[in-house]
1. Considering only segment 44-66, state which residues are part of a loop (DSSP other than H, G, I, E, B), at pLDDT 95 or above, open to solvent by 40 Å² or more (accessible area, probe 1.4 Å) and not charged (D, E, K, R).
2. Restricting to segment 1-32, count the residues that are modelled with pLDDT under 95 and surrounded by fewer than 19 Cβ atoms within 10 Å (Cβ to Cβ).
3. Where residues in segment 104-143 are farther than 30 Å from Val13 by Cα and touching a helix residue (DSSP H, G or I) at 6+ places or on another chain (Cβ under 7 Å), which of them is least open to solvent (accessible area, probe 1.4 Å)?
4. Does Gly71 fit the bill of being over 16 Å from Met103 (Cα atoms), outside any helix (DSSP H, G or I) and within 15 Å of the chain's Cα centre (by Cα)?
5. State which residue pairs qualify: first residue within 14 Å of Ser47 (Cα to Cα) and inside segment 97-109, second residue β-branched (Val, Ile, Thr) and open to solvent by 10 Å² or more (accessible area, probe 1.4 Å) in any location, beta carbons under 8 Å apart, and separation of 6 or more residues or different chains.
6. Might you check whether a residue that is part of a strand (DSSP E or B), at pLDDT 95 or above and crowded, with 23+ Cβ neighbours inside 10 Å occurs anywhere in segment 76-84?
7. Taking only pairs six or more apart or across chains, which ones have beta-carbon atoms under 9 Å, a first residue in segment 125-137 that is free of Cβ contacts under 8 Å to residues at least 40 places away in the same chain and aromatic (Phe, Trp, Tyr), and a second residue that is open to solvent by 30 Å² or more (accessible area, probe 1.4 Å) and in a loop (DSSP other than H, G, I, E, B)?
8. In this structure, does Gly39 turn out to be open to solvent by less than 50 Å² (accessible area, probe 1.4 Å) and either out of contact with any Leu (no Cβ under 9 Å at 6 or more places or on another chain) or farther than 27 Å from Leu114 by Cβ (or both)?
Amino acid sequence: MSLVAAPPYIAVVNPSVPVKNAAELIAHARANPDKLTFGSSGVGSASHLSGALFAQMAGVRLVHVPYRGTGPAVNDLLGGQINMLFAPAQVVTQHIAAGKLRMIGTTGAERSSLFPDFPTIAETGLPGYSSLGWFGLFAPAATPRQIVEKVSADVGKVLALPEARQRLVEVGPEVLDVLQADRQA
């Protein structure tokens, strides 16, 4: 029905991994096949798919370690049990600022308006890479069209409110132009 937000993730590594950008990460992974681990919030999650896409596009072999949520994955990344993670910004930015994790890049095709100083993975060594999470509203297939259109329009009105957009920014996701996104769907 309505795409609400499509936030980029942030690729981060434990500081023990001797890389500072995507190009260095790719070179390190090629030199150490099947030795670098990346955690995710679960099999098939956006963090898993972001890592799998990275590995496929870079032509490297990474070991996927699925967790039951992002929190346990971040804890193990901080503790050095895994090497890297593709994570929602709101759960890793404080660790980046504290020097406990190293940012490799954001997963969007363009720099995030929320983190304009963070380069993308495409900018730092893997051209064409882009992977976004997404939040949306859905309805059963049999929902009457007029109800779908009404809910979609109402979501668009709410997301046009500056206070609603600001609240979403505070909790993490980057808000899309819902009406434009719906037109593209």
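The values are calculated or read from the model by the stated rules, or taken from the named source; none is laboratory data. Bear in mind the structure is a predicted one, so any value in this text is a computation, not a measurement. Cβ coordinates were reconstructed from backbone atoms using ideal geometry, including for glycine residues, and neighbour counts include every protein chain displayed. Surface areas here come from the heavy atoms of the whole protein model, side chains and all, with no ligands, DNA or RNA. Shrake-Rupley method; radii C 1.70, N 1.55, O 1.52, S 1.80 Å.
1. Listed by number, the list holds a single entry, Gly59.
2. Residues flagged as modelled with pLDDT under 95 and surrounded by fewer than 19 Cβ atoms within 10 Å (Cβ to Cβ) within segment 1-32 amount to 2.
3. Result: Ala139.
4. Details: over 16 Å from Met103 (Cα atoms): yes; outside any helix (DSSP H, G or I): no; within 15 Å of the chain's Cα centre (by Cα): yes.
The answer is no for Gly71.
5. Short answer, once both residue conditions are applied: Gly105/Thr124.
6. Within segment 76-84, the subset part of a strand (DSSP E or B) is 84.
Pick out the ones that are also at pLDDT 95 or above and you get 84.
Imposing the further condition that a residue be crowded, with 23+ Cβ neighbours inside 10 Å reduces the set to 84.
For segment 76-84, residues part of a strand (DSSP E or B), at pLDDT 95 or above and crowded, with 23+ Cβ neighbours inside 10 Å: present.
7. none
8. Here the answer is no, as Gly39 does not meet what is asked.
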